[in-house]
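Let me begin by presenting the structure, written as structure tokens, before commenting on it.
Derivation of every value follows stated rules applied to the coordinates shown; laboratory data play no part. Computed from a predicted model, the values in this text were never measured in an experiment. FYI the Cβ positions are ideal-geometry reconstructions off the backbone, even for glycines, and counts take in every protein chain you see.
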């Protein structure tokens with residue numbers, strides 16, 4: 001008798017699979033937890049407690065509010081939206097600055113140097129690290145806190161790692177909502193660092209006002225693995241580590257980028273993207289970069305470009321959330337799941353066009369096929 005092939009079938013990208021949100025997150029006493037789990041469970045606060053805590057700048061309650069909006073629980077999300085709706089008119093728009101660059105370019109050093117100088121001037125600084133790939137690699141970006149020890153200990157600074165369950169859409173939603181909480185808590189500068197590569201740069205560009213690209217010289221191709229398209233969305237390019245034996249190379253790289261930028265369309269209407277040198281380690285050129293950011297804000301505030309960008313970002317966020325919600329409903333539809341595997345096999349064998357299969361699934365989802 002021939003043996004049956006027990007080779008495990010690869011799961012479909014459209015199949016419903018358990019995610020990180022099924023796990024107990026410690027927010028509520030009534031959450032079910034695995035038998036023998038002895039982790040402490042904190043009682044869920046009332047909306048007023050979250051709201052007052054955030055508005056008063058209570059760091060512990062702010063952290064709990066962020067954990068609440070990051071939760072995938074339906075109960076927590078209902079409460080989170082109530083809290084966010086109440087806080088929305090109370091927030092004061094902060095300077096939202098996105099920072100990206102290749103590993104080793106000195107992003108964390110630059111952020112810590114800039115952040116500590118800003119807090120010394122009376123600013124409240126929040127740092128968000130965005131890494132949509134972290135849930136896939138299993139890596140933790142909590143290491144950023146150890147690399148920014150001085151800033152992490154600053155009472156006027158708050159460092160938050162990327163939310164768990166790092167799908168691109170999930171990270172976008174949770175990061176935006178966390179930014180809203182920071183603005184309501186009085187943080188007037190929000191630095192959003194991209195830790196992952198690829199689409200994370202576009203993701204961060206879609207939620208900040210000013211976008212800074214940090215590079216280093218002396219690695220052959222000056223883009224060092226960064227997609228050239230990232231240069232086109234930057235409002236400034238910083239060649240870091242412009243000190244010691246690397247000073248001359250950094251100056252040459254800056255001059256080269258200035259020539260390239262002359263031929264590129266500016267990322268922001270009415271603004272000319274420039275290239276600059278700095279040594280974050282020595283603190284040289286950091287104040288000059290912040291002066292560039294301030295000039296950017298003054299220009300775009302007067303022209304109305306910043307307000308329009310914020311409004312466009314909010315509209316795009318609405319459409320993204322609708323698409324995300326529709327995808328979740330589609331994936332959870334029992335009739336769709338019943339048909340999916342068979343249609344996938346037929347498409348793979350060339351028995352039916354993918355477009356026809358998609359139409360059948362969408363008709364099932366919308367009820368047209370019944």
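Mind jotting down the distance between the C-alpha centroids of the range 310-339 and the range 40-89, whole Å?
When both Cα centres are located, 24 Å separates them.
Using the basic label-point model (7 angstrom from Cα toward the beta carbon), what is the residue 314 to residue 188 distance in nanometres?
2.2 nm
Given points 7 Å out from each Cα along the Cα-Cβ axis, report the residue 332 to residue 48 separation in nanometres with one decimal.
3.1 nm
How would you rank 58, 345, going from fewest to most other Cβ atoms within 10 Å of each one's own Cβ?
345, 58
Could you tell me the calculated FRET efficiency between residue 287 and residue 153, based on Cβ-Cβ distance and R0 = 25 angstrom, to the nearest 0.05?
FRET efficiency, residue 287 to residue 153: 0.70.
Under a plain spin-label model, where a point goes 7 Å from the Cα along Cα-to-Cβ, how far apart in nm are residue 263 and residue 56?
Roughly 5.9 nm, to one decimal.
Taking 0.36 nm per residue of separation and subtracting the Cα-Cα distance, what length does fully extending residue 369 through residue 256 add?
Going from the current span to full extension adds 34.7 nm.
Quick one: order 284, 193, 112 by neighbouring beta-carbon count within 10 Å, fewest to most.
Neighbour counts put them in this order, fewest first: 284, 112, 193.
Let's test the formula: R0 of 30 Å, r as the Cβ-Cβ distance of residue 81 and residue 301. What FRET efficiency results, to the nearest 0.05?
0.50
Sorted from fewest to most neighbouring beta carbons within 10 Å, what does the list 321, 68, 45 look like?
So the ranking, lowest neighbour count to highest, is 321, 45, 68.
Along each of the three principal axes of the Cα atoms of the range 319-366, give the extent in whole Å, ordering the values from largest to smallest.
Per principal axis, max minus min of the Cα coordinates gives 34, 20, 15 Å.
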